[in-house]
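No value in this document is a laboratory result; all are computed from the given coordinates. In this text the structure is predicted, and so the values were computed from the model without any measurement. All Cβ positions, even for glycine, are placed from backbone atoms using ideal geometry, and neighbour counts span all protein chains on display.
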Amino acid sequence: MVRLGAMGDILHSLPAVTALRQAHPEWFIGWAIEPQWRGLFSAGEPGSGAPGESSTHTPRMPLVDRLHIVAAKKWARSPLSPVTLAEIRRVRRELRAMQYDVAVDMQGAVRSAMIARWAGTRKIIGEAQPREWAAKWLFGQRVPTRGVHVIEQSMEVANAIAGDTLPVTQPLLPCEPRADAQAAELPQPFVLISPGAGWGAKRWPPARYGAVARQLTAAGYSVVVNSGPAEESLAEEIVESSQGAARNLPLDIPGLIAVTRRASLAIAGDTGPLHLACALGRPVVGIYGPTDPARNGPFGCASRVLRHPESVRDHTRHSEPEAGLLTITPEAVTAAALELLEEAR
């Protein structure tokens, strides 16, 4: 498998690969991954200098047999440097040495399709209409997909691999005992807020999250704010505007998985932690603007999606929140959250 991209992109592929794993436990599955996302597959400590990580399907690494660490974003910053060229040669040797029978591009980008070709397999599979149209010319088998949601499209690719219709399956995610023990100390019940987003147009204002935190605290819930790398200022602004109702909790990926498993509800925009909560079967409130929830929204979990009817799909990386996003009020988000919490109860 090849799936670079962002956290949400990877999580959208996991149900399909989990379905393959459960239908064919004897298959050897490898995955090429950017180093910052290895925690979605493995809860073990990274090997010191190890080119890849292997597993026998333990709780710490339940889904894949092998991780191939591919620092493609770092390579793009200095593509011709001796270090980059040496790392590319190392990854190509590592992939070819595994003698994979099939390479599957689950991202549909030219870069990920090229990495699939590095494996030197007899068969390379991808979507007939990939995200980047030029990528299809690198596929030997192009799978027509009709699903609207990206998870449905990934399942159609998995069906083509298996030669069967597989059920949508809740993803297998790793368990890290240290992170689980820390998450168990959080006061229950609590709501998890993840304020980050891939770009500014998708990011609901922090002060509004703070207002939601105050309202949920008044209703008897604790509020935890997840702040990933480069998001601490957002979390601090939420805590300040919540007047102490919210708690900032910087989390690595194992920690985020453990905390999300115990959350009563997650609130976020179109971002990786929202899709992680769905993957773990937690109820979610999605706050959407320029991205289409029919394609990228919550899937397979109890959810409420708030989006202005005049918001249009636009992946332009604008820095300011999209106009429709700003019409969504804290009161509407809190009401949706309390409805879901009551239903779950």
Packing-based exposure ordering (other Cβ within 10 Å, fewest first) of Y209, Y288, Y221: Y221, Y288, Y209
Two-site label geometry, S78 and H308: point separation in nm, points 7 Å out along Cα→Cβ: 4.4
Karplus-derived 3J(HN,Hα), 6.51/-1.76/1.60, for each residue of the stretch 301-307, Hz, glycine and proline x: 8, 5, 7, 10, 10, 10, 7
Rounded if a/c under 1.5, otherwise prolate or oblate - the stretch 7-162, Cα gyration tensor axes: oblate
Cα shape, the stretch 177-344, gyration tensor, a/c 1.5 rule: rounded
Note, ³J(HN,Hα) from phi for the stretch 153-162, Karplus 6.51, -1.76, 1.60, rounded to Hz, x at Gly and Pro: 5, 5, 5, 5, 5, 4, 4, 5, 5, 7
Spatially proximal aspartates and glutamates relative to K74 (Cα-Cα < 19 Å; intrachain offsets below 8 disregarded): D9, E34, E87, E94
DSSP beta bridge pairing in the chain, given as percent antiparallel to the nearest 5: 10
Ranking of I253, I29 by count of other Cβ atoms within 10 Å, fewest first: I29, I253
Mean Cβ neighbour count within 10 Å, used as a protection proxy, ranking 142-148, 75-81 highest first: 142-148, 75-81
Cβ-derived FRET efficiency at R0 56 Å, Q99 paired with E331, nearest 0.05: 0.45
Separation between Cα centres of the stretch 298-345 and the stretch 231-283, rounded to whole Å: 15
Given charges at beta-carbon only (K, R positive; D, E negative), |dipole| of the chain in Debye: 1080
Karplus-derived 3J(HN,Hα), 6.51/-1.76/1.60, for each residue of the stretch 129-144, Hz, glycine and proline x: 10, x, 4, 9, 4, 5, 4, 5, 6, 9, 8, x, 10, 10, 9, x
Footprinting exposure proxy for C301, C278 (fewest neighbouring C-beta atoms within 10 Å first): C301, C278
Cα-based helix-to-principal-axis angle, 7-23 vs the chain, degrees rounded to 10: 60
Crossing angle, helix 206-218 versus the chain [Cα axis fit, 0-90 degrees, rounded to tens]: 60
